[in-house]
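The values are calculated or read from the model by the stated rules, or taken from the named source; none is laboratory data. Please read these numbers as outputs of a predicted model, since none were measured by experiment. When we count neighbours, we look across all protein chains shown, and the Cβ atoms used for this are built from the backbone with ideal geometry, even at glycine. For accessibility, only protein heavy atoms count, side chains too; no ligands or nucleic acids. Shrake-Rupley method; radii C 1.70, N 1.55, O 1.52, S 1.80 Å.
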Amino acid sequence: MNLFALNEDQIAVRDMARDFAAEKIAPFALQWDEEKFFPVDTMREAAALGMGGIYISDDVGGSALTRFDAALIFEALAQGCPTVSAFISIHNMASWMIDAYGNAAQRQQWLPKLCRMDLIASYCLTEPGSGSDAAALRSRAVIDGDHYVLNGQKQFISGAGRADLYVVMVRTGDEGPGGVSTLVVEAETPGLSFGGNERKMGWNAQPTRAVVFENARVPVSNRLGDEGIGFKIAMAGLDGGRLNIAACSLGGAQSALDKSLGYMKERKAFGKRLDEFQALQFRLADMATELEAARTFVWRAAAALDRKDADSTMLCAMAKRFGTDVGFEVANQALQLHGGYGYLSEYGIEKIVRDLRVHQILEGTNEIMRLIVARKLIEGARCMHR
């Protein structure tokens, strides 16, 4: 593959997602945000085009595409609405965990419906007392015959209350990452309940709630893999999730830049169009350059993850940190270029700024991304000097 150009198949995948976003998502994004509407039917239309199981194996109805393809898709969808694109990413991440770590029966039971988004999946790691320190999670599952009895609470869960399956990291053993396992909890499980829909700065087109377990009985057969590998499963899912959320930031920022170019072509000040002022031209040039640099980085990290390179986790962390920081800054600059109109909801810029801000926090804060990178660098330096 030419690393600096897309092939015909990749262009077709990107354009398919871009056309879908332009027709089915973008015209309704402001309304969905205002009404806090979760567009499940629209997401199922995306799934019918293969976007419900992008990198899921084709034997269970997945598209069997690459992480690189996924980055192209999520950027394109986010040009319509970052919130909707991000939720489809979360659904894909949770579904991939079942595909990668589930047994044959689990894969056949859930994945065909997940790929069609007849079932919707949520990812449950964060807790009220453990966000960045995810290995300190307290939710506990105690075995009782052929079931686990699960107690605890998850926080900030996208799709909670509407999802059909919850891929949940729980403590089944000792403290630390080695005591964590992964359970698939079905929505109708007795003892499963939800907090209220959180009032948020952005991401209003998807619900965010606490997920509460009170003596919830989950079949042992719903555990993914062996006991004690849940933290490994969660982190493996996050490598791809971080790339996806960076790609969503790129798509939102690209939309904001495009809106700015259109606005500055029409708006005049002091007898000249805004795009005729050199100072503003320089700002546009910097926004486009930073965005292109971030896109190149996301592509590099995605290619490394597809190859399973040894440094892929570090590159995914780098790309997430850089891509989400750049995406938010470009959107924020776009708002500034619109002046007072950028602050009005009807122009769509302030929504993009609100939506992209959380990308610097979720899937691991950007401070944690720096920590991951630093640790990998230090470990590498130690190995070189042995």
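Computed quantities for the displayed model
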| quantity | calculated |
| --- | --- |
| Pair list, Cβ under 6 Å, 6 or more apart: region 117-132 residue closer than 27 Å to residue 43 by Cα, other residue in a loop (DSSP other than H, G, I, E, B) and open to solvent by 10 Å² or more (accessible area, probe 1.4 Å) | 119/164; 120/164 |
| When residues of region 295-309 are limited to those that are without any contact (Cβ under 8 Å) to a residue 24 or more places away in the chain and touching a helix residue (DSSP H, G or I) at 6+ places or on another chain (Cβ under 9 Å), the one farthest from residue 68 (Cα to Cα) | 309 |
| From 209, 217, residue being in contact with a Phe, Trp or Tyr (Cβ under 6 Å, 6 or more places away or on another chain), among the basic types (Lys, Arg) and either free of Cβ contacts under 8 Å to residues at least 60 places away in the same chain or open to solvent by 30 Å² or more (accessible area, probe 1.4 Å) (or both) | 209 |
| Single residue of 162, 140 found to be surrounded by fewer than 22 Cβ atoms within 10 Å (Cβ to Cβ), within 18 Å of the chain's Cα centre (by Cα), modelled with pLDDT of 95 or more and not β-branched (Val, Ile, Thr) | 162 |
| Enumeration of residues in region 262-287 that are surrounded by fewer than 15 Cβ atoms within 10 Å (Cβ to Cβ) and either touching a Gly at 6+ places or on another chain (Cβ under 7 Å) or among the hydrophobic types (A, V, I, L, M, F, W, C) (or both) | 269, 270, 277, 279, 282, 285 |
| Region 1-23, residues that are small (Gly, Ala, Ser), free of Cβ contacts under 8 Å to residues at least 60 places away in the same chain and either open to solvent by less than 30 Å² (accessible area, probe 1.4 Å) or assigned to a loop (DSSP other than H, G, I, E, B) (or both) | 5 |
| Matching residues, region 344-353, being part of a helix (DSSP H, G or I) and not basic (Lys, Arg) | 345, 346, 347, 349, 350, 352, 353 |
| Matching option when the condition is touching a residue at least 12 places away in the same chain (Cβ under 8 Å) and under 27 Å from the mean Cα position of the chain (by Cα), among 274, 257, 280 | 257 |
| Which numbered condition residue 324 fails, given (1) within 18 Å of residue 249 (Cα to Cα); (2) free of Cβ contacts under 8 Å to residues at least 24 places away in the same chain; (3) hydroxyl-bearing (Ser, Thr, Tyr) | (2) |
| Tally of residues being open to solvent by less than 60 Å² (accessible area, probe 1.4 Å) and more than 21 Å from residue 269 (Cβ to Cβ) across region 336-349 | 1 |
| Conditions (1) closer than 23 Å to residue 206 by Cβ; (2) of a type in the set (Phe, Trp, Tyr); (3) open to solvent by 10 Å² or more (accessible area, probe 1.4 Å); number of the one not met by residue 87 | (3) |
| Meets criteria (touching a Lys or Arg at 6+ places or on another chain (Cβ under 7 Å) and open to solvent by 10 Å² or more (accessible area, probe 1.4 Å)) for residue 60 | no |
| Matching residues, region 289-347, being charged (D, E, K, R) and under 22 Å from residue 362 (Cα atoms) | 290, 295, 300, 311, 320, 321, 325, 329 |
| Residues (in contact (Cβ under 8 Å) with a residue 60 or more places away in the chain, part of a helix (DSSP H, G or I) and either closer than 15 Å to residue 132 by Cβ or open to solvent by less than 60 Å² (accessible area, probe 1.4 Å) (or both)) located in region 354-386 | 354, 355, 356, 358, 359, 367, 368, 369 |
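Quick grid of which residues meet (1) of a type outside the set (Phe, Trp, Tyr); (2) closer than 18 Å to residue 234 by Cβ:
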| residue | (1), (2) |
| --- | --- |
| 96 | no, yes |
| 101 | no, yes |
| 109 | yes, no |
| 112 | yes, no |
| 115 | yes, no |
| 161 | yes, no |
| 173 | yes, yes |
